[in-house]
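Only one structure is covered here, and it is reproduced in the block below.
The values are calculated or read from the model by the stated rules, or taken from the named source; none is laboratory data. Quantities reported herein were computed from a predicted structural model and do not represent experimental measurements. Glycine also receives a Cβ, built like all others from the backbone with ideal geometry; neighbour counts cover every protein chain displayed.
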Amino acid sequence: MKSLLRFVREANPFVFFALTVLTAVSLVPFLWVITSAFKDNTEIFGSMSLLPETWQWANFEAAWLGGQFGRYFINTIIVAVGTTAISVAVAAPAGYAFAKTQLKYASWLFYLYLFGITLPIESIIVPLFFQVKDLGLVNSHLGLILALVGTGVPFGVYLMRSFFRDLPDALGEAARLDGASEWEIFFRIMMPLAKPGLLALGVFSFLGAWNEYFLSILLLITEDTRTIPLGLVRFQQTNMTDYGAMFAAITLAIIPSLLIYVVLQRQFISGLAAGATKG
Amino acid sequence: MNMDAQLRTPVASNRTRRVKKLWTGYRVPLILLAPSFIFYAVFVLLPLGRAFQLSLTDWNGLAPTMSYVGTENYTGIWTESRFLTSLWRNVIWWAMHVVLAVGSGLLLAILLSEVGRGRFFFRTVAFFPHVLSLAVVGVIWGQLYHPLIGLINASFERVGLTALTRIWLGDPEIALYSVGVASAWQAYGFYMVIFLAGIQSIDPQLYEAARVDGANGWQRIWDITIPSLHNTMTIVLTLAFISAMKGFGSVWAMTQGGPGYASELVAVYVWRTAFQTQAIGQAAAAGLSLAAIVILFSFLFNRWRDKVGSYT
């Protein structure tokens, strides 16, 4: 905060103005949603004042009872944690294999993974749905988790490969001379050193699964399986007139993301930037 | 039958030997790769193959039988105005994405690189929309655009510009653009972060030299920052293209492609055709056409950018 005040004093006025406008664009919708969540319907209709006259908590009660946000929250955690754990466990060894081992036709196989990064999942939804159906996993979190891992694997492998490639080969060679097996080199030496990469992929997978909407609509059908994104859209479609409750529901959906973001924001930003630019 | 078996045996044993050799020589990498490949095969490669197969049939999703109709589905959609229009909407969406999201992201990154203090605060706030689900963003903007209680119409009324109020998501003339703005709002913080990473990797000596030569702020940005971001720009524009060609989430959360077909992108067309009209073959053909466009364009664009080359 102090440095912000100093920034205000020191900055070039044009830069300051442009930054303020662009930041306001991202901030104002949130402020509006959150403050409106404490207003009653007459105030939402009638006044433009930023803060509510009396702070209403009833909206949150209505939202909590109208949707099943507790349930959505637990479902979202299951999907996000499951997807993240399996994605990292599956992509890290493969990334290592591409970066540090000799395999015939490896470059062709790697091109096949690269192809998977560019392929829009939207283009294969129909058979993907039937695939999950054939496995008997439609309307289950496991089905969604496995599908998210499968569609996310090409990128995860690509990302892990670039992290492992940055580790010096000499480490593995030295351990090999000392008689370490290939597995020991991978688990004891390389995996611990690749921690920043594992973290980046973990953050990426977690955020992606937490926010996932597309495959969720396809694969989660009944109310009890819904995640926060599905639940919130559903709530909007079924509560057309109780505006206060709608704003409260949005606020409830935003809070977990906001908390995670505030705590992990460095990891988020560097993880996402690494995801986009590594390689 | 008998002759067939005789013919096959030597080939098969030859193949087994080759597989065995590959296995003994590359056991470790094969085991390391296997889990990822199984996931990839089951949830992407096999469905992709099946999509191709389905795209050549007239299956309705329920019937026990289907018949092959050749390339009829492809010729059907590529002459159908509804599909072509949805593809055109993706192009519009892409232009909006580049101007609004990539443009604002670049501007923000350059501004932030100019300030020493306060960068952290602005970066944190500007990036936050990207942390949210497209569904949540869609719901938030659904409220902002609300004709009665939405902040946007209310603000116009407040400053006396009542003529500018619109039914943002219900008017077929503008629904597509309204959703596009919401989608760009979610994305620009992401591009900002990538551009910032690119700017930070520029050699500071270049700026130092420019300062010695007496270059002003605009010249520094125009002659050093922008050319140095060549590779970053390639990545960002590729990502923006891929993301604009998809665009399902925001549309589905806000308008479901409506009113009518007004905001129907190809991905929404695929969804509606498959799960509402039950024309599975046609939906598969449309999906694969989209995939071909995305992959071909990304490939050619990156080749071209590599050829043009980086200035640094």
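Evaluated against (1) surrounded by fewer than 19 Cβ atoms within 10 Å (Cβ to Cβ); (2) touching a residue at least 24 places away in the same chain (Cβ under 8 Å); (3) aromatic (Phe, Trp, Tyr), A:Phe130 falls short on exactly one condition, (2).
Among the residues of segment B:64-97, those identified as among the aromatic types (Phe, Trp, Tyr) and under 24 Å from B:Ser298 (Cβ atoms) are B:Tyr74, B:Trp78, B:Phe83, B:Trp88, B:Trp93, B:Trp94.
On the stretch given as segment B:102-134, residues that are among the aliphatic types (A, V, I, L, M), at the interface with chain A (Cβ under 7 Å from one of its Cβ atoms) and either in contact with a His (Cβ under 9 Å, 6 or more places away or on another chain) or under 24 Å from A:Val203 (Cβ atoms) (or both) total 6. Checked against (1) within 20 Å of A:Ala85 (Cβ to Cβ); (2) out of contact with any Pro (no Cβ under 8 Å at 6 or more places or on another chain); (3) not β-branched (Val, Ile, Thr), A:Glu212 meets all criteria but (2). Within segment A:83-112, being among the aromatic types (Phe, Trp, Tyr) and either surrounded by fewer than 24 Cβ atoms within 10 Å (Cβ to Cβ) or not assigned by TED's automatic domain parsing to the domain that holds A:Leu215 (or both) holds for A:Tyr105, A:Trp108, A:Phe110, A:Tyr111.
Being assigned by TED's automatic domain parsing to the domain that holds B:Leu107, free of Cβ contacts under 8 Å to residues at least 40 places away in the same chain and over 17 Å from the mean Cα position of the chain (by Cα): is that true of B:Thr273 here? It would help to see each step written out before you state the result.
Values: assigned by TED's automatic domain parsing to the domain that holds B:Leu107: yes; free of Cβ contacts under 8 Å to residues at least 40 places away in the same chain: yes; over 17 Å from the mean Cα position of the chain (by Cα): yes.
When the stated conditions are applied, B:Thr273 passes them.
For segment A:234-273, a residue qualifies if it is touching a Pro at 6+ places or on another chain (Cβ under 9 Å) and surrounded by fewer than 22 Cβ atoms within 10 Å (Cβ to Cβ), and exactly one does: A:Ser270. Residue count for segment A:203-233 satisfying the condition of being surrounded by fewer than 18 Cβ atoms within 10 Å (Cβ to Cβ) and of a type outside the set (S, T, N, Q): 3. For the criterion of being closer than 24 Å to B:Phe190 by Cα, without any contact (Cβ under 8 Å) to a residue 24 or more places away in the chain, β-branched (Val, Ile, Thr) and in contact with a helix residue (DSSP H, G or I) (Cβ under 6 Å, 6 or more places away or on another chain), A:Val233 passes.
Looking across segment B:31-40, the residues that are at pLDDT below 95 and either more than 7 Å from chain A (Cβ to nearest Cβ) or within 18 Å of A:Ser123 (Cβ to Cβ) (or both) come down to B:Ile31, B:Ala34.
Table: residues versus (1) of a type in the set (Val, Ile, Thr); (2) under 26 Å from A:Gln267 (Cβ atoms); (3) not in a loop (DSSP other than H, G, I, E, B).
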site	(1), (2), (3)
B:Ala63	no, no, no
B:Gly76	no, no, yes
B:Ala95	no, no, yes
B:Val102	yes, yes, yes
B:Leu106	no, yes, yes
B:Phe120	no, yes, yes
B:Phe128	no, yes, yes
B:His146	no, no, no
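The set of residues in segment A:146-164 being aliphatic (A, V, I, L, M) and at the interface with chain B (Cβ under 8 Å from one of its Cβ atoms) consists of A:Leu146, A:Ala147, A:Val149, A:Val153, A:Val157.
Just so you know, in segment A:116-125 the residues that are within 7 Å of chain B (Cβ to nearest Cβ) and assigned to a helix (DSSP H, G or I) include one that is surrounded by the fewest Cβ atoms within 10 Å (Cβ to Cβ), and it is A:Thr118. Looking across segment B:207-227, the residues that are more than 13 Å from chain A (Cβ to nearest Cβ) and either in contact (Cβ under 8 Å) with a residue 40 or more places away in the chain or within 30 Å of B:Tyr145 (Cα to Cα) (or both) come down to B:Thr225, B:Pro227.
In summary, A:Tyr111 fulfils each of the numbered conditions (1) within 26 Å of B:Phe43 (Cβ to Cβ); (2) in contact (Cβ under 8 Å) with a residue 40 or more places away in the chain with the single exception of condition (2). Considering segment A:28-38, and only residues there that are buried (at least 18 other Cβ atoms within 10 Å of the Cβ) and facing chain B (nearest Cβ under 10 Å), the residue that is farthest from the chain's Cα centre (by Cα) turns out to be A:Ser36. Selection of segment A:53-65 for residues being in contact with a helix residue (DSSP H, G or I) (Cβ under 6 Å, 6 or more places away or on another chain) and either β-branched (Val, Ile, Thr) or surrounded by fewer than 22 Cβ atoms within 10 Å (Cβ to Cβ) (or both) yields A:Phe60, A:Ala62. Within the bounds of segment B:56-66, is there any residue that is within 8 Å of chain A (Cβ to nearest Cβ), more than 30 Å from B:Gly260 (Cβ to Cβ) and either surrounded by fewer than 14 Cβ atoms within 10 Å (Cβ to Cβ) or of a type in the set (Ser, Thr, Tyr) (or both)? No, every residue in segment B:56-66 fails to be within 8 Å of chain A (Cβ to nearest Cβ), more than 30 Å from B:Gly260 (Cβ to Cβ) and either surrounded by fewer than 14 Cβ atoms within 10 Å (Cβ to Cβ) or of a type in the set (Ser, Thr, Tyr) (or both). In segment B:88-114, the qualifying residues are those that are over 17 Å from B:Ile242 (Cβ atoms) and among the small types (Gly, Ala, Ser), and the one that is farthest from the chain's Cα centre (by Cα) is B:Ser113.
If only residues of segment B:145-180 that are touching a residue at least 24 places away in the same chain (Cβ under 8 Å) and surrounded by 18 or more Cβ atoms within 10 Å (Cβ to Cβ) are counted, the one that is farthest from the chain's Cα centre (by Cα) is B:Tyr145.
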